[in-house]
1. Roughly how many nanometres apart are two label points built 7 Å out from the Cα toward the Cβ at Asp47 and Lys98?
2. Rounded to whole Hz and in sequence order, give me ³J(HN,Hα) for region 66-75 from the Karplus expression 6.51 cos²θ - 1.76 cosθ + 1.60, θ = phi - 60°, writing x for Gly and Pro.
3. Using only helices, what value at 222 nm comes out for the chain when you add -39,500 (n - 2.57) per DSSP H run of length 4 or more and divide by the total residues, to the nearest 500 deg cm²/dmol?
4. Give me a comma-separated list of calculated 3J(HN,Hα) values for region 35-48, in order, Karplus coefficients 6.51, -1.76, 1.60 applied at θ = phi - 60°, integers in Hz, x for any Gly or Pro.
5. Per residue, how many Å² of accessible area does the chain show with a 1.4 Å probe?
6. Find how many whole Å separate the alpha carbon centroid of region 110-156 from the alpha carbon centroid of region 33-51.
7. What is region 38-89 by shape, rounded, prolate or oblate, if you read a ≥ b ≥ c off the alpha carbon gyration tensor as root eigenvalues and call it rounded for a/c under 1.5, prolate for a/b larger than b/c, and oblate otherwise?
8. From Cα coordinates alone, what are the radius of gyration and Dmax values for region 97-156 in angstrom?
Amino acid sequence: MHQQQIYVITAAATVIIGLLVLGFFVREGIVTSNIYKQGVKLYQEKDYKGAEATFRLVISRHPSNDVVRLLLGDCLMQQEKLEDATAVFQELSDRAPKNVDARLRLGMALVKQDKLNEAVSVLETAKDLLLAQRNTEKAESVEQVLQQIRTQQSLT
């Protein structure tokens, strides 16, 4: 009977530890979600500096969240922190090579910095990804931007 008590205690301890761990992750998810919602609210209110800080906090808690990285990059673009935005979009493009939104934003950040050759390369990749996804309408829009860039390049 002594052996059976040890099994019961071990099983109970395992269940309690499992519930505590589960509770921690549920709480962490709720807290992170609330921080994210606050960041979106700040972004919508055009408080880009506040939204930037909030999105950085979300990323520190949940580093794999690509949507938050896109929003962070957008905040940086709105504040004319073009190099920082470029770095965020480049990192996301490297980490998620098929993320068209990251590539499109990276291309536009490069255009704003007059890095037109790099922008063309990135936007060509985005256009190819869009065509692979059968999103021809958006691919055509990217092609129009590419034509404008090429025209601008030929004038300089």
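1. 3.8
2. 6, 4, 5, 5, 4, 5, 4, x, 4, 4
3. Result for the chain, helices only: -29500 deg cm²/dmol.
4. Couplings: 5, 4, 4, 5, x, 4, 4, 4, 4, 5, 7, 6, 8, 5 Hz.
5. 64
6. 30
7. Because a/c hits 1.5 or more and a/b fails to exceed b/c, region 38-89 counts as oblate.
8. Values for region 97-156 (Cα only, Rg and Dmax): 11.0, 34 Å.
The values are calculated or read from the model by the stated rules, or taken from the named source; none is laboratory data. Small disclaimer: the values here were computed from a predicted structure and weren't measured. Please note: Cβ atoms are built from the backbone with ideal geometry, for glycine as well, and neighbour counts cover all protein chains shown. Note: accessible area is taken over every heavy atom of the protein model, side chains too, but ligands, DNA and RNA are not part of it. Shrake-Rupley method; radii C 1.70, N 1.55, O 1.52, S 1.80 Å.
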